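Notes for the one structure printed next.
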Amino acid sequence: MTDNNKPARRFRSQDWFDNPDHIDMTALYLERFMNYGITPEELRSGRPIIGIAQSGSDISPCNRIHLELAKRVRDGIRDAGGIAMEFPLHPVFENCRRPTAAIDRNLAYMGLVEILHGYPIDAVVLTTGCDKTTPAQLMAAATVDIPAIVLSGGPMLDGWMDGELVGSGAAIWKGRKQLAAGQIDNEKFLQIAAASAPSAGHCNTMGTASTMNALAEALGMSLTGCSAIPAPYRERGQMAYETGKRIVAMAHEDLRPSKMLTRDAFLDAIVVNAAIGGSTNAQPHIMAMARHAGAELHPDDWMAYGHDVPLLLNMQPSGKFLGERFHRAGGVPAIMWELEQAGKLRSNRPTVTGRTMAENLSGRETNDREVVYPYAAPLREHAGFMVLKGNLFDFAIMKTSVISEQFRSRYLSRPGHENVFECRAVVFESSDDYHQRINDPELGIDENSILVIRGAGPVGWPGSAEVVNMQPPDALIKRGVMNLPTLGDGRQSGTSDSPSILNASPESAVGGGLAWLRTGDIVRVDLNQGSCNVLVSDEELAERKKAGVPAVPPSQTPWQELYRATVGQLASGACMELAVPYRGVAENMARH
Ligand code: FES
Ligand code: MG
């Protein structure tokens, strides 16, 4: 059956469909698949059964292109001698899911693990797109460890409004400020939102969706050049076909995620994330994927390996362009080519192409220097995340590539106090609390304030919410103050250009330091030291802690309760902790 005259592999699906020891059960397993026209000969031919984890649906609009692409995946699978079986992934739509899409990353993960473990599937195509759909499926592939390949759905076409590029997400954050400043009305705001989303596909900015697809490619889990192709382009359908063909070969080769998902691959993903100005959400997702793969990765690795990496990609929110231009400039391989030449990658590692990453990158230099900058003359130096710690949390990150000139000159460039600032905390208990009170003059918010939100972590929200990029009160925006320092135990949108201090772990809901902060306290941030502290004595903090951990709102559904009972903190990936030790579960397929 296989190329190269290798003996045919016996696939795990044959344990269901072609097992002489269990002919009674085989008949049962086979009969219902025949009801849509598949024949027992096909199922018993020794060909691999290739799952297509379908992430697209009407309520997953970012991934809806996969309903079309799956046809080309099937063509590729069939041409290469496999049998396709498509099934749904639990939907995860970033913008719409309440209380937050983050809670469903672990649900989609768990659902896919069960499907891949319990059904006769030999290898799988992971159809990725919207933010959490990529890590959820890669986490599951790592746990199950059957051959798996990522097919990105691709970003939307570039958005245009009044002759200017408008990127999804980024246009919303900007529009909200314009609305607050009285520069646009509601109708114009809706027009901008529509213009930023002109076609099928996921976010066209380097938000979390494009980031996570780029990192899947950097990990070696998709074909070369896969992630950046816009959803409606002809190359997207062609990539779907090639992906379908390749997964059949991978099934024969038994090329599993555990070969790709190594510490080296995750360190490269951290490096690539800095170079593309990637989303802050990459931090928990990378950590979660690494932990499920059993690869050693530490929260401090973001600082040790990523911080000094320069920004090479000129794409919103850190830069100017959107997804179409990035694709034409060479996409992720062009960025990695720069990093490879500079000796920044560990590229002698396997990928789903069957070649090493170094081989995949050969000849991939960009032809568009407005979009992909040379390593030696980057868009910005030291573009990776800062890792911060102190008496408010053990771990938080700050995305330095989005720090504006205004923010830099106001907070980070004061002579004698470079990269150090002290601000008066204004504390919000939730996003509702923020929206109700942000314009209250009583709060006395000015340029010397730091806006703090708590109760927004994995347990508190639940799921952990993208709420830390709080915009200043309208009065300040009208005066031209577009960003204040912000801090929180939640996350922020990957399309935001706010240099917030995010993902603070442990969160306030489990007794983290933010729980004891009060409005009026002075918070000192020192980016030279990587520290963030409230200037309150230990005795005073101990006194405040006597009040006990703040109550969290009750769970509204069974899954929320289960999630809260099992989830860890953002620093360690917000995994279901009890799931982390499970690996290679396809091996122990119980036949009951
Ligand atoms: Fe789904 Fe951005 S909201 S990709
Ligand atoms: Mg998001």
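Working carefully through the options ALA329, ALA425, ALA358, ALA334, find the one that is closer than 30 Å to ALA509 by Cβ and surrounded by 14 or more Cβ atoms within 10 Å (Cβ to Cβ). Can you show your working first?
Numbers: ALA329 fails: closer than 30 Å to ALA509 by Cβ; ALA358 fails: closer than 30 Å to ALA509 by Cβ; ALA334 fails: closer than 30 Å to ALA509 by Cβ.
Within the list ALA329, ALA425, ALA358, ALA334, the selection yields ALA425.
All of ASP300, ASP268, ASP264 fail the test of being at pLDDT below 95 and either more than 25 Å from ALA141 (Cβ to Cβ) or not assigned by the TED database to the domain that holds GLU405 (or both), apart from ASP300. Here is the figure for the range 159-179: residues that are within 16 Å of ligand 2 (Cβ to nearest atom), on the phi < 0 side of the Ramachandran plot and in contact with a Gly (Cβ under 8 Å, 6 or more places away or on another chain) total 4.
Just the residues that are within 16 Å of ligand 1 (Cβ to nearest atom), in contact (Cβ under 8 Å) with a residue 40 or more places away in the chain and part of a helix (DSSP H, G or I), please, taken from the range 62-77. CYS62, ASN63, HIS66, LEU69 - these are the residues of the range 62-77 that are within 16 Å of ligand 1 (Cβ to nearest atom), in contact (Cβ under 8 Å) with a residue 40 or more places away in the chain and part of a helix (DSSP H, G or I). For the range 353-371, which residues satisfy the criterion of being in contact with a Gly (Cβ under 6 Å, 6 or more places away or on another chain) and β-branched (Val, Ile, Thr)? Passing the criteria: only THR366. Checking each residue in the range 260-310 for being over 21 Å from LYS344 (Cα atoms) and surrounded by fewer than 24 Cβ atoms within 10 Å (Cβ to Cβ) picks out ARG291, GLY294.
Just checking, which of THR127, THR143, THR133, THR100 is surrounded by 24 or more Cβ atoms within 10 Å (Cβ to Cβ) and within 16 Å of ligand 2 (Cβ to nearest atom)?
After ruling out the rest, the residue left standing is THR133.
When you scan the range 131-153, how many residues do you find that are over 16 Å from the mean Cα position of the chain (by Cα) and part of a loop (DSSP other than H, G, I, E, B)? Qualifying residue count for the region: 3.
A quick yes/no check of all residues on (1) within 16 Å of ligand 1 (Cβ to nearest atom); (2) part of a loop (DSSP other than H, G, I, E, B); (3) in contact with a helix residue (DSSP H, G or I) (Cβ under 7 Å, 6 or more places away or on another chain); (4) not acidic (Asp, Glu):
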residue: TYR434; (1), (2), (3), (4): no, no, no, yes
residue: LEU451; (1), (2), (3), (4): no, no, no, yes
residue: TRP461; (1), (2), (3), (4): no, yes, no, yes
residue: MET470; (1), (2), (3), (4): no, yes, yes, yes
residue: GLY520; (1), (2), (3), (4): no, yes, no, yes
residue: VAL523; (1), (2), (3), (4): no, no, no, yes
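Of (1) within 22 Å of CYS226 (Cα to Cα); (2) of a type in the set (A, V, I, L, M); (3) part of a loop (DSSP other than H, G, I, E, B), ILE121 satisfies all except one. Which? The failed condition is (1).
Only one entry of PHE393, PHE385 meets the criterion of being within 15 Å of VAL271 (Cβ to Cβ), crowded, with 16+ Cβ neighbours inside 10 Å and either in contact (Cβ under 8 Å) with a residue 24 or more places away in the chain or out of contact with any Leu (no Cβ under 6 Å at 6 or more places or on another chain) (or both), and that entry is PHE385. Within the range 435-469, can you find the residues that are in contact (Cβ under 8 Å) with a residue 40 or more places away in the chain and either outside the structural domain of TYR411 (by the TED database) or closer than 18 Å to ASP521 by Cβ (or both)? Residues satisfying the conditions are LEU443, ILE450, VAL452, ARG454, GLY455.
The values are calculated or read from the model by the stated rules, or taken from the named source; none is laboratory data. All values derive from a computational prediction rather than experimental measurement. Using ideal geometry, Cβ is built from the backbone for each residue, glycine included, and neighbour counts are taken over all protein chains shown.
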